[in-house]
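First comes the structure, then the notes that go with it.
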Amino acid sequence: MTTCFKKSVFVSCLILIAFACWFNAKSIEAFGTFGFDIHHRYSDTVKEFLNLDGLPEKGTVDYYTAMAHRDHLLKGRRLATTTADSQPITFFGGNETYRISSLGFLHYSFITVGTPPVEYLVALDTGSDLFWLPCDCTTTCLRSLNTTSGKPLKLNIYSPSTSTSSVPVPCNSTICVRPQRGCSTRLNACAYQEVYLSANTSTTGILVDDVLHLGTDTDPQEPVDAPITLGCGIIQTGAFVDGAAINGLFGLGMDGISVPSLLASKGFTSNSFSMCFSHDGLGRIQFGDKGSPDQQVTPFNLRQLYPTYNVTVTNIVVGKNATGVEFSAIFDTGTSFAYLNDPAYSVIVQGFDSQITEPRYVPPRRIIFDYCYSLSATQESYRIPRLNLIMKGGGDFFVKAPTFVIPREGGFAYCLAIVKSEDINIIGQNYMEGYRLVFDREEMVLGWKEANCYDSIESNTPPINKGSPVKSPPPSVFTPEATPVSSPPPPPPPPPPATTRPSFFGNGNGVAARLSSMTTGLVMVLLATLALV
């Protein structure tokens, strides 16, 4: 295929590619299956076509740091554009989010806080509320991150004393009168402690008011400096020390202290935001985004004590088999996989297992996934049933990344990317791939629409009212084939979904993972770390 991109035949190849796409679409209509060839994503052909010279390997911290730096300089790149009459706001420098494999496979953004502005790399979490940064800490704060290039990435540490716009939240503030808050007489400020679902994971410190630097999602950006409340995290434990969110956590929950709530209450945006998760690990975030007229919606199940983005699934359909099982679950971007308890867990895994033809595979070391299947050395695709979660209100939510490819000795295997939960149900990030999700807290609904996060999307957003023994294989893509039920063919296959502990932060058609020489080893380490003993 390399010669296909020589200038002499470039136009001919484009015509050939267009014809192949048309033919494949027709084949899908006729036979109800889909499939793609396996491509080396860093072959000379791909590098030449995408102009990737000088960029580190995709999916690494180096890659996304370089991308963010390039975007901040150009200010012209956007993962998605908006209509002329809408002006959502986003982080200053761009609306991009990045799924970073070495940091728990979660989505991150570069943000700037304080005066003068200082940049931080924060994880984005709809399963928690508080936005906090590592702050004035010593042993529990990481100041650099090792990268594949060998050059450490500096991680800034927040300090109220170095930001002229920072003010401690006083002990008599209304936000200090609630559980897990108190008064630090030594620091003369409102103290907090947030404990998360992951074992021994917490952040402790004081609350401060400062400025979050945002901007309109336009080209060029217009600066929007928003006063917000954040946690000055003096002590971090558990996953925050060595797993993920090592440079801060951006809580996007429903509580009044979350950034979306603060932006809405101060008149910067409507009380809504959106996140988009593309199959290649990139994404975007917009505050004040109300979605589009043709999106599907389902209502949130509101609990007065602690409201979350909890929705009701009224039916689970695996292939053509409607199970009639109903359950509720939280949409949590701070959790990488789906965690479901019975009966939802059992009907999904048993529904898949009864229709999968590959032999069961048991890894030599137990991992978090119970159902894995071997792929032969020559196998280039695999067929799985389509998984549809029918939401309250009747909307179809087709899961596009229900499987995860892992290396095994002599080849590959794939697993059902779902973990049995002993308590709450969580729709993790892998189930969100291929969608633009709208968390509308005014209408109290979750909206969703298929999206690749690059195309323009019509929006209803109002204007801003500002006020291991296994040798690592080369990168490749295994693509499963699914039998459609009643929805259009799925988009191209994604890279690996996230691997993490059960809910780091939050209180499909088949898709296969791309494995690079770096992520292959990392996947096995992470899965072994998550082993049940």
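Where strands (runs of 3 or more DSSP E) sit wholly within segment 283-355, those with at least 1 residues that are among the β-branched types (V, I, T) occupy 296-299, 310-318, 327-331. Failed condition for P88, given (1) touching an Asp or Glu at 6+ places or on another chain (Cβ under 7 Å); (2) surrounded by fewer than 22 Cβ atoms within 10 Å (Cβ to Cβ); (3) modelled with pLDDT of 50 or more, with all others met? Only one criterion is unmet by P88, namely (2).
Residue-by-condition table, conditions (1) open to solvent by 20 Å² or more (accessible area, probe 1.4 Å); (2) part of a loop (DSSP other than H, G, I, E, B); (3) of a type in the set (V, I, T):
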residue: S128; (1), (2), (3): no, yes, no
residue: G150; (1), (2), (3): yes, yes, no
residue: T164; (1), (2), (3): yes, yes, yes
residue: N200; (1), (2), (3): yes, yes, no
residue: D210; (1), (2), (3): no, no, no
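Exactly one residue among S128, S101 is under 30 Å from I330 (Cα atoms) and touching an Asp or Glu at 6+ places or on another chain (Cβ under 8 Å), and that residue is S128. Of all residues in segment 212-250, those being assigned to a strand (DSSP E or B) and open to solvent by 30 Å² or more (accessible area, probe 1.4 Å) number 6.
Taking the criterion of being among the polar types (S, T, N, Q), surrounded by 14 or more Cβ atoms within 10 Å (Cβ to Cβ) and either at pLDDT below 95 or touching a helix residue (DSSP H, G or I) at 6+ places or on another chain (Cβ under 9 Å) (or both), the only residue of segment 348-391 that qualifies is S381.
Residue-wise test of (1) within 25 Å of L197 (Cα to Cα); (2) of a type outside the set (F, W, Y); (3) buried (at least 17 other Cβ atoms within 10 Å of the Cβ).
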site: P293; (1), (2), (3): no, yes, no
site: L302; (1), (2), (3): yes, yes, no
site: L305; (1), (2), (3): yes, yes, no
site: T308; (1), (2), (3): yes, yes, yes
site: G319; (1), (2), (3): no, yes, yes
site: A322; (1), (2), (3): no, yes, no
site: E326; (1), (2), (3): yes, yes, no
site: D332; (1), (2), (3): yes, yes, yes
site: A338; (1), (2), (3): yes, yes, yes
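Applying the condition of being open to solvent by 20 Å² or more (accessible area, probe 1.4 Å) and closer than 30 Å to P343 by Cβ to segment 426-482 and asking which residue is modelled with the lowest pLDDT yields E481.
The values are calculated or read from the model by the stated rules, or taken from the named source; none is laboratory data. Model, not experiment: these values are computed from the prediction. Positions of Cβ are generated from backbone atoms using ideal geometry, with glycine treated the same way; all protein chains shown enter the neighbour counts. Quick note on the areas: whole protein, heavy atoms, side chains included, nothing else; ligands and nucleic acids left out. Shrake-Rupley method; radii C 1.70, N 1.55, O 1.52, S 1.80 Å.
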